[in-house]
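Read-outs throughout are calculated quantities, based only on the coordinates presented, and are distinct from any laboratory measurement. Given the structure is predicted, the values throughout are model-derived calculations rather than measurements. When we count neighbours, we look across all protein chains shown, and the Cβ atoms used for this are built from the backbone with ideal geometry, even at glycine.
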Amino acid sequence: MTSLHKEREHVAREAQLRVDNLTPRELDILPLVADGLIAKQITVRLNVSEVTVRVTRARMMRKLELR
């Protein structure tokens, strides 16, 4: 196994651990954000308030170490 392969596996494990720590609501929002939906669109899809979407998205992004 090459050093590059080991590094990729390590990065993948770390990413999976971060995803495993997401709440069910964060997991609901994640694919919608990944698809490019904005908060108002997610609000309609999930039937939740825009504040809920914005707060949940911010927490999720912080947990995933994304901007």
For the chain, calculated [θ]222 nm from helices alone, where every DSSP H run of n ≥ 4 adds -39500 (n - 2.57): -24000 deg cm²/dmol
Positive end of the charge dipole of the chain (Lys, Arg +1 and Asp, Glu -1 on Cβ, about the Cα centre): tell me which of A39, H10, L22 has its Cα farthest that way. A39
Starting from the 7 Å offset along Cα-to-Cβ, what nm value, one decimal, do you get for the label separation of T2 and V55? 4.7 nm
With label points built 7 Å along Cα→Cβ from the Cα atoms of E65 and A12, find their separation and express it in nm. 1.8 nm
For the chain, list log₁₀ I(q)/I(0) at each q in 0.11, 0.20 Å⁻¹, using the Debye formula over Cα point scatterers of equal strength and ignoring solvent, two decimals each. -0.32, -0.77
To the nearest 20 debye, the chain has a Cα-centred charge dipole, built from +1 on Lys and Arg Cβ and -1 on Asp and Glu Cβ, of 200 debye
